[in-house]
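Presented below is the structure to which this report refers.
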Amino acid sequence: MAVPIDFRGNNVIPVGNSLDIETVADKAHRVIAEVETVIVGKREVVELGLVALLADGHILIEDIPGVGKTTLAKTLARALGCSFKRVQFTPDLLPADVTGTNIFNQKTSTFEFRQGPLFANVVLADEINRATPKTQSALLESMEEYQVTSDGTTYELSRPFFVIATENNVETTGTYPLPEAQLDRFLMRLKMGYPARDAETQILSRQTRTSHIEFIKAVVGREEILRMQSEVRDIYVEAALRDYIVDIVTATRNHPYVQLGASPRGSLALLHTAQARAALRNRTYVIPDDVKEMIVPVLAHRLIMRPDARVKSITAANVLEEIVKSVPAIAAA
């Protein structure tokens, strides 16, 4: 068992039991290796997906068609070895189609609740922006509270609960933009991007006859994931680093091109993802680089930009990169 220390090398008192981060890192990297047998040349994206899982959050994968968004989600779900459901979002999808509904049982003359696809450990919400806002909002309670409510009755969801949503940001006809309240429920928003030339050549070579998704093996399981998430939350974060996180988030609220900055939920998301990234690096403590690497994927989708920023083609990522350079981390380094 590793003894928790801070990034200056000082021993610290563990929050709970001694951390077994070596095991967490080993299992996480085995999951990544399994996913990479299908997803080629996208290690950073795969790692960020694992970071979100370890931080007990959800991810939104947004990009153009055909770059592997759904493939990544399905492959990651298989490697995690948990129960898995897929929901293809369409304009006629109803909230009850996602959460579940009460069905009348003629034999017992009573209504019985039939669980929807949200009752799984890993849920793939494919093309989430094609459903109406009413159906999209059906995810809000489940993503934040880990429960669903139907006809006044609340049903607990099984843990871990990991939503992987995909979104096509090119075809806007017949789509409904995700409201800010729902975007904020996603721990991270990721982009796949085109593969490098060598990676695309490997894809063609590996999938000449068939996709390799069906050969993906479960590397971990439900109980192991829960233990890994628990270990990650005990990773040490020095007070100076917590101050640095608050300074970064506060800067988003005061930037001239930002209409609405990140909320305290964004601060917590940055903290928890930094802990998870430290775990992937086999460390029992967070360093400033852990925070810096998580800033754009965790905060960019939480910022609402002013109209003049859009006119000048200034994106949330541009603003965050500027903030990282301007907010000193000397006190935390």
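Across 20 Å bins from 0, what is the distribution of all Cα-Cα pair distances for the chain, in whole percents?
All Cα pairs, binned at 20 Å, distribute as 29, 58, 13, 0 percent.
Which entries in the list K74/K191; K42/K74; K27/K69; K27/K217; K292/K325 go over 21 Å, if you measure between the two C-alpha atoms of each?
Those over the limit are K27/K69.
Distance from the Cα centre of the range 228-286 to that of the range 128-163, in angstrom?
25
Relative contact order (percent) for the chain, with alpha-carbon contacts under 8 angstrom and 6 or more residues of separation?
24
Taking amide H atoms as placed 1.01 Å from N in the peptide plane, list the residues 5 or more away in sequence, or in a different chain, whose amide H sits under 5 Å from that of M192.
Under 5 Å from the amide H of M192: E62.
Quick query: amide H of M305 versus all other amide H atoms, modeled in the peptide plane; which residues come in under 5 Å with a sequence gap of 5 or more or a different chain?
For M305, the qualifying residues are Q259.
So how far, in whole Å, is the C-alpha centre of the range 176-193 from the one of the range 42-92?
Here the answer is 13 Å between Cα centres.
When the Cα atoms of the range 220-333 are enclosed in a convex hull and the volume is divided per residue, what value in Å³ results? Present the calculation step by step, with values, prior to reporting the outcome.
Details: hull volume 12.4 nm³, N = 114.
Value for the range 220-333: 108 Å³ per residue.
Relative to the longest principal Cα axis of the chain, at what angle does helix 316-326 sit, 0 to 90 degrees, rounded to 10?
Around 20 degrees separate the two axes.
At q = 0.11 Å⁻¹, what log₁₀ I(q)/I(0) does a Debye calculation on the Cα points of the range 36-207 give, no solvent, two decimals?
Debye intensities relative to I(0), on a log10 scale: -0.48.
Among the trypsin sites (Lys or Arg not before Pro) in the range 49-118, which ones are in a DSSP loop with at most 15 other Cβ atoms within 10 Å of the Cβ? Mind listing them?
K107
In degrees from 0 to 90, rounded to the nearest 10, what is the angle of the helix 197-206 Cα long axis to the longest principal axis of the chain?
40
Can you compute the helix-only [θ] at 222 nm over the chain? Use -39500 (n - 2.57) per DSSP H run of at least 4 residues, normalise by all residues, nearest 500 deg cm²/dmol. Mind showing how you got there, number by number?
Numbers: 14 runs with 143 residues, N = 333.
So the helix-based figure for the chain works out to -12500 deg cm²/dmol.
Which angle from 0 to 90°, rounded to the nearest 10, does the C-alpha axis of helix 222-233 make with the longest principal axis of the chain?
Roughly 30 degrees between the two axes.
For the range 190-235, rounded, prolate or oblate, judged on the Cα gyration tensor with a ≥ b ≥ c (square roots of eigenvalues), a/c < 1.5 rounded, else prolate if a/b > b/c?
oblate
Since every read-out is calculated from the coordinates, none of them should be taken as a lab result. If you're wondering where the values come from, they're calculated on a predicted model, not measured in any experiment. Counting neighbours? That spans all protein chains shown, and the Cβs are built from the backbone with ideal geometry, glycine included.
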